[in-house]
There are 2 protein chains.
Amino acid sequence: MLRIVKIGGNVIEVEKELSKFLSLFAAISGPKILVHGGGKKASNLLPKLGITPHMHNGRRITDEATLEVVTMVYAGLVNKKLVAQLQSLGVNAIGMSGADANSILAHKRVVTDIDYGYAGDVDKVDGKMLTALIDLGLTPVFCALTHDKKGQLLNTNADTIAATIAEGMSPYMDVELNYCFELPGVLKNINDPESLIPKIDSDSYKVLQEDGIIATGMLPKMKNCFEALKGGVKIVKIGNLNMLEPNVELFTEIIL
Amino acid sequence: MLRIVKIGGNVIEVEKELSKFLSLFAAISGPKILVHGGGKKASNLLPKLGITPHMHNGRRITDEATLEVVTMVYAGLVNKKLVAQLQSLGVNAIGMSGADANSILAHKRVVTDIDYGYAGDVDKVDGKMLTALIDLGLTPVFCALTHDKKGQLLNTNADTIAATIAEGMSPYMDVELNYCFELPGVLKNINDPESLIPKIDSDSYKVLQEDGIIATGMLPKMKNCFEALKGGVKIVKIGNLNMLEPNVELFTEIIL
């Protein structure tokens, strides 16, 4: 079973959390892939360089100057630090963007009412190449950048990258996808960690949406989960770092 | 024959030169590796972030804040832009630092009269892993960063990285190393491009040094050339972009 773990900014930015995550990830036996967001580092750097960050519905609007900064932060600083730290834990990590080895081909998002700029929507993941890298004993570590094979790097949502890699790997091996974020899973009451929903399927998802329990930022994440499952991914879970502990059953599992 | 090409800042920073280089590099048939410096982009960014660049004998002194910036610029911005552009030319490039796939192991330079900070001296190149990547049809593109396998990234001179990769690959295939810089090769008179020295061996190198023709910045480059040759590299050449044109014999070849 290939384990694909996506971590967000909250894990990367808190040294203690990151250190705990890296140990847990290193301890996962068998093939694995890490996908990481960039978090606040890019947003913090932008104003220092005189660039104003723009967001729409939680997604970044990427002009050329912003793309340069996210390329520096995601593919440079964050990715290489993670790779170096995983290497120290005995994981033979290889840091990648979607341009590297042409692993994630995307196209610039079509402009509708909103122009997201250099934002990429994924067309194709080269699962065969990633399988070959894994067969060499490597652990790919992906930042949230793709390319259009016409020379343009594109900023792509890290959750979406994790889901599409999981789908792209499914013809080659059984895949488990883990979304690791700040909460123990999907909660009935966001203020009560005890209100964890252990399992969500398509039907209960509809009800949870209607009841307003799943809303805003969780909607695209849930969409990614269901698309991964429809694309052949065997197991999809959402939770916090505890999800990576062996024998801990605290997470939300998404099923079709 | 594996062709390893090192390009410096002068090629990266001038769009027309970069575009010419990329076409010539893409046209090289057979296995190849690109090694690139970072040029002035890091030096330009440092003061914007309130960091003062420090140099000693043409080598950067790398404190923690500077290491973060060079990691962003070398491994992020410069490396990924090169990879994306090579992909558009049909080269299946994969961008790497020495931490990626544990390809270049180094140690922090021992402090003597100068403390270079997070500067790395290379211990070992994993030629076997790089050969496996090349066998997958990939073209590694290296930035000038290494690691110590204890979690620390290290800033390493790009000329030295090119030479040590060339040495590390020599047990696996015949290697040609090309240093591509702003001059057509080693010149008798730096102001006269016609004064190109077509061939330099250990003996003539001594004379050129005594005569002051080879001095300052050229000395470590020449040292890298001779060390590569002693390490089993078959061909070592210094020149400008013309060196990459087929059937152009304008360069300085270094022989033992």
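The values are calculated or read from the model by the stated rules, or taken from the named source; none is laboratory data. All figures in this text were calculated on a predicted structure; none of them were measured in a lab. Using ideal geometry, Cβ is built from the backbone for each residue, glycine included, and neighbour counts are taken over all protein chains shown. These accessible areas exclude ligands, DNA and RNA; they are computed on the full protein's heavy atoms, side chains included. Shrake-Rupley method; radii C 1.70, N 1.55, O 1.52, S 1.80 Å.
Here are the numbers for this structure:
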| quantity | calculated |
| --- | --- |
| Where the range B:1-146 is the region considered: accessible area per residue in Å², 1.4 Å probe | 37 |
| Chain A - share of DSSP beta bridges that are antiparallel (%, nearest 5) | 35 |
| Average partner coverage of A:124-133, which counts Cβ from other chains inside 10 Å | 2 |
| Shielding score for A:134-140, defined as the mean number of other chain Cβ atoms within 10 Å | 3 |
| Those aspartates and glutamates that a straight Cα-Cα span of less than 16 Å connects to residue A:124, excepting residues fewer than 8 apart in one chain | A:100, A:148, A:159, A:167, A:227 |
| Computed E for residue A:182/residue B:188 - FRET, C-beta separation, R0 60 angstrom, nearest 0.05 | 0.35 |
| The range A:4-85: relative contact order in percent, alpha carbon pairs under 8 Å with at least 6 residues between | 29 |
| Volume in Å³ per residue [convex hull over Cα atoms, computed for the range A:13-89] | 110 |
| Cα centre as origin, Lys/Arg/Asp/Glu Cβ charges: the range A:1-88 dipole, Debye | 280 |
| Given charges at beta-carbon only (K, R positive; D, E negative), |dipole| of the range B:34-168 in Debye | 360 |
| Cα convex hull of the range A:184-256, projected area averaged across orientations, nm² | 4.8 |
| For the range B:1-158, alpha-carbon Rg and Dmax in angstrom | 15.7, 47 |
| Accessible area buried at the B-A interface, both sides summed, 1.4 Å probe (Å², nearest 100) | 3000 |
| Long-range Cα-Cα pairs in the range A:59-132 (distance over 21 Å), rounded percent | 41 |
| Over the protein assembly as shown, equivalent-ellipsoid semi-axes from the Cα gyration tensor in Å | 44, 22, 21 |
| Highest-fluctuation residue, A:92, A:189, A:102 considered, GNM on chain A with Cα pairs under 10 Å | A:189 |
| Dimensions (Å) - the range A:116-256, Cα atoms, principal axes, largest first | 46, 38, 25 |
| From phi via Karplus (6.51, -1.76, 1.60), per-residue ³J(HN,Hα) for the range A:131-137 in Hz, x at Gly/Pro | 4, 5, 5, 4, 5, 7, x |
| Test item: B:94-107 mean partner chain Cβ contacts at 10 Å | 6 |
| Dipole in debye (nearest 20) - the range B:100-197, about Cα centre, beta carbon charges: Lys, Arg +1; Asp, Glu -1 | 380 |
| For the range B:191-197, Karplus couplings with θ = phi - 60° (6.51, -1.76, 1.60), whole Hz, Gly/Pro x | 8, 10, x, 6, 8, 4, 8 |
| Surface share of carbon and sulfur [accessible, 1.4 angstrom probe, percent] for the range B:109-184 | 47 |
